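The values are calculated or read from the model by the stated rules, or taken from the named source; none is laboratory data. Fair warning: this is a prediction, and the values are worked out from it, not measured in the lab. Cβ coordinates were reconstructed from backbone atoms using ideal geometry, including for glycine residues, and neighbour counts include every protein chain displayed. SASA here: full protein model, heavy atoms, side chains in, ligands and nucleic acids out. Shrake-Rupley method; radii C 1.70, N 1.55, O 1.52, S 1.80 Å.
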Amino acid sequence: MPEAAAHVGSGKVRELYALDDERLLLVASDRISTFDVVLPTEIPDKGRVLTGLSGFWFARTTEIVPNHLLSLAEDGRSTECRRLEMLPIECVVRGYLSGSGWKDYVATGATSGHVLPSGMRESDRLPEPIFTPATKAQEGHDENIDAARASELVGEERFREVERVALELYAFAAEFALERGIIIADTKFEFGIDEEDRLVLGDEALTPDSSRFWPADEYTPGGMQPSFDKQFVRDYCESLGWDKTAPGPELPDDVVAGTRARYVEAFERVTGIPFDDYLADPGVVLR
Ligand code: PZK
């Protein structure tokens, strides 16, 4: 990283630095969170897996929407990106009924204003993918909002555009991943606007941290599905009887190794690229 890069933001497991007026450096750490708590133990190469996957999707979706990626660093965990004016909504697409979408459905029969068929079970596939925008909470959980509220926040025309683009991105990626044995149950996109007022895809995209990845061969609707990447961590934490408040527990070596293997497996299944090839030359995901 350049000496002078100023730290401009922190996510739970990522950092953002300013390179200059037009460019940012997005760095994915090896930290992992579970039940909303960042654990003290890192998963080696997790940040590289997420960075590589995002780069892979960015390179394959430019015809759907331009994105902020300028270059992947040699370290495989940092991306140089264009600085955008970020929209104040999280652009969530759901193909399956899980998480807050399921909670909303149980309480009201709808989520983000989409009235859903009665009798749906947790993790059921939706009749068609739905756009369920949410607010960006500074603290605590994002709140799902309907199209009218999202339109107030970004403007009606921009709302229609992000809805169309987000649904298109999800349809492309979900089909691609399913052919490789991974269900992308839902995913969150963040968009920004460039100098020319064009919509641009930002942040990370279609990673296991911004999406629910489920192993397709274990899919059994009617309850919670195992997470492709984090299930060993969740099971271990549950086995401790930890109260899910900070600080989280240290992870034993076998849980770390098993979890690292799952992240690498997700990368290799989605991209078809051996992870060692990515480590040798991160640019391999862009070609
Ligand atoms: C931006 N975040 C969230 C992500 C963090 C915070 N291309 C961009 N231009 C302007 N702003 C952002 C981006 C992007 N991406 C993203 N906050 C601002 C975020 C990762 C780590 F600390």
### Query
Within region 103-113, how many residues are under 16 Å from Thr187 (Cβ atoms) and either open to solvent by 10 Å² or more (accessible area, probe 1.4 Å) or acidic (Asp, Glu) (or both)?
1
### Task
Return the pairs, sorted by first residue and then second, in which the second residue is open to solvent by 50 Å² or more (accessible area, probe 1.4 Å) and part of a helix (DSSP H, G or I), the first residue lies in region 144-170 and is within 10 Å of Ile89 (Cβ to Cβ), the beta carbons are less than 8 Å apart, and the residues are 6+ apart or on different chains.
Ile145/Leu153
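Please go through region 231-263 and pick out each residue that is assigned to a loop (DSSP other than H, G, I, E, B) and out of contact with any Gly (no Cβ under 8 Å at 6 or more places or on another chain).
Of region 231-263, the ones assigned to a loop (DSSP other than H, G, I, E, B) are 241-252.
Across region 231-263, the qualifying residues are Gly241, Asp243, Lys244, Thr245, Ala246, Pro247, Gly248, Pro249, Glu250, Leu251, Pro252.
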### Message
Checking the structure you have, find out if any residue of region 217-239 is closer than 30 Å to Glu22 by Cβ and open to solvent by 10 Å² or more (accessible area, probe 1.4 Å).
### Response
no
### Query
Within the group Ala148, Ala171, which residue is open to solvent by 40 Å² or more (accessible area, probe 1.4 Å), more than 30 Å from Ala216 (Cα to Cα) and modelled with pLDDT of 95 or more?
Ala148
### Query
Of the conditions (1) in contact with a Leu (Cβ under 8 Å, 6 or more places away or on another chain); (2) more than 30 Å from Thr271 (Cα to Cα); (3) open to solvent by less than 60 Å² (accessible area, probe 1.4 Å), Phe131 fails just one. Which one is it?
(2)
### Query
If you check Ala137 against the conditions, is it of a type in the set (Gly, Ala, Ser) and within 16 Å of the ligand (Cβ to nearest atom)?
yes
### Query
Under the condition of being away from the ligand (no atom under 14 Å from the Cβ) and surrounded by fewer than 19 Cβ atoms within 10 Å (Cβ to Cβ), which residue from region 192-214 is farthest from Tyr170 (Cα to Cα)?
Glu196
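On the basis of being over 28 Å from Glu163 (Cβ atoms), away from the ligand (no atom under 13 Å from the Cβ) and in contact (Cβ under 8 Å) with a residue 24 or more places away in the chain, does Arg23 make the cut?
No; evaluated as a whole, the condition is false for this residue.
So, Ala280, is that one open to solvent by 70 Å² or more (accessible area, probe 1.4 Å) and closer than 15 Å to Asp45 by Cβ or not? If you could, list the steps in order and put the result at the bottom.
Values: open to solvent by 70 Å² or more (accessible area, probe 1.4 Å): yes; closer than 15 Å to Asp45 by Cβ: yes.
So Ala280 fits the description; yes.
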### Query
Is it the case that some residue within region 32-43 is open to solvent by less than 10 Å² (accessible area, probe 1.4 Å), more than 10 Å from the ligand (Cβ to nearest atom) and over 28 Å from Leu279 (Cβ atoms)?
no
### Hey, Ala73 small (Gly, Ala, Ser) and more than 16 Å from the ligand (Cβ to nearest atom) or not
no
### Query
Would you call Ser100 open to solvent by 40 Å² or more (accessible area, probe 1.4 Å) and among the small types (Gly, Ala, Ser)?
yes
